[in-house]
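All remarks here apply to the structure that follows.
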Amino acid sequence: MQNLADLRKDYALATLDISTVASNPFKQFEQWFGEAQHSQVLEPNAMTLATVNEFGRPSARIVLLKGLEEDKFVFYTNYQSAKGHDLDKNPACAITFFWPEMERQIRIEGVAERQNNEKSEQYFQSRPRASQISAWASPQSTVVKDRTILEERAAQIETKFTGQEKLPKPNQWGGYKIEPLSIEFWQGRTGRLHDRILYTKTTDTWKISRLAP
């Protein structure tokens, strides 16, 4: 394996200045997200979600952003999964977007709450049927002996809902909305003097600061 200490890349695609960013972080996010889509970033809505369980142990995984509603970031999952248990015990969490093609990163810290059941149902039924069946079949984050068990469960669900294009949403499945308390935009710069612009939520507005790299 190549010496990891020798792996490095210099960033020089763009700059980020506090005088030109949007006054509202959600406008800035929408601008960057649109540019990521235009640049054909692979799955620009993929984000790392970090949670902490009741024992103080952190855990992180990739989930997909599925909406920006009322200034909250929305994703969907199995409520009985490890992340679901974590968020129900401790709603504090963090999400990170990394778009290496654009040399950009967005870090968000906030608190999560469950999406209302009506919107979760609406989104669930918009998913491909195979994804709906998987949500029913998978006891997410639990130990299973082998893949055959999952395939058998999926086949049973397929039979149960034969002829139904849209399945009802399982009770254990739904969305979370993350209300951000801080949002940081990171633009890689040459020589590791990166640009970091931080939005911090105050009572009725957002404070904007530049951070040292």
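The values are calculated or read from the model by the stated rules, or taken from the named source; none is laboratory data. Predicted model, so just to flag it, every value in this text is computed and none were measured. Using ideal geometry, Cβ is built from the backbone for each residue, glycine included, and neighbour counts are taken over all protein chains shown.
Inside the range 97-111, residues that are in contact (Cβ under 8 Å) with a residue 12 or more places away in the chain and either over 20 Å from residue 56 (Cα atoms) or in contact with a helix residue (DSSP H, G or I) (Cβ under 8 Å, 6 or more places away or on another chain) (or both) make up a count of 10. The one condition from (1) closer than 29 Å to residue 70 by Cα; (2) at pLDDT 95 or above that residue 192 does not meet is (1).
From the set of residues in the range 53-95 that are under 14 Å from residue 113 (Cβ atoms) and aliphatic (A, V, I, L, M), which is surrounded by the most Cβ atoms within 10 Å (Cβ to Cβ)? Among them, the one singled out is 87. Where residues in the range 161-190 are out of contact with any helix residue (DSSP H, G or I) (no Cβ under 8 Å at 6 or more places or on another chain) and basic (Lys, Arg), which of them is farthest from residue 32 (Cα to Cα)? So, considering only residues that are out of contact with any helix residue (DSSP H, G or I) (no Cβ under 8 Å at 6 or more places or on another chain) and basic (Lys, Arg), the one farthest from residue 32 (Cα to Cα) is 177.
Per-residue answers, yes or no, for (1) out of contact with any Gly (no Cβ under 7 Å at 6 or more places or on another chain); (2) in the same structural domain as residue 198 (by TED's automatic domain parsing):
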residue	(1), (2)
1	yes, no
15	yes, yes
18	yes, yes
27	yes, yes
40	yes, yes
64	yes, yes
77	no, yes
82	yes, yes
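When every residue of the range 181-199 is checked against the conditions, none turns out to be touching a residue at least 24 places away in the same chain (Cβ under 8 Å), under 23 Å from residue 82 (Cα atoms), crowded, with 18+ Cβ neighbours inside 10 Å and in the same structural domain as residue 51 (by TED's automatic domain parsing). Within the range 96-115, if we keep just the residues that are under 15 Å from residue 198 (Cβ atoms) and β-branched (Val, Ile, Thr), the residue that is surrounded by the most Cβ atoms within 10 Å (Cβ to Cβ) turns out to be 108. Would you kindly identify the strands (runs of 3 or more DSSP E) lying entirely within the range 1-85 that contain at least 3 residues that are in contact with a helix residue (DSSP H, G or I) (Cβ under 7 Å, 6 or more places away or on another chain)? Qualifying strands (runs of 3 or more DSSP E): 46-52, 72-78. Filtered by the rule that a residue be of a type in the set (D, E, K, R), more than 22 Å from residue 94 (Cα to Cα) and surrounded by 10 or more Cβ atoms within 10 Å (Cβ to Cβ), the range 1-52 gives 10, 17, 35. Taken over the range 3-55, the criterion of being under 25 Å from the mean Cα position of the chain (by Cα), farther than 16 Å from residue 102 by Cα and charged (D, E, K, R) is satisfied by 27, 54.
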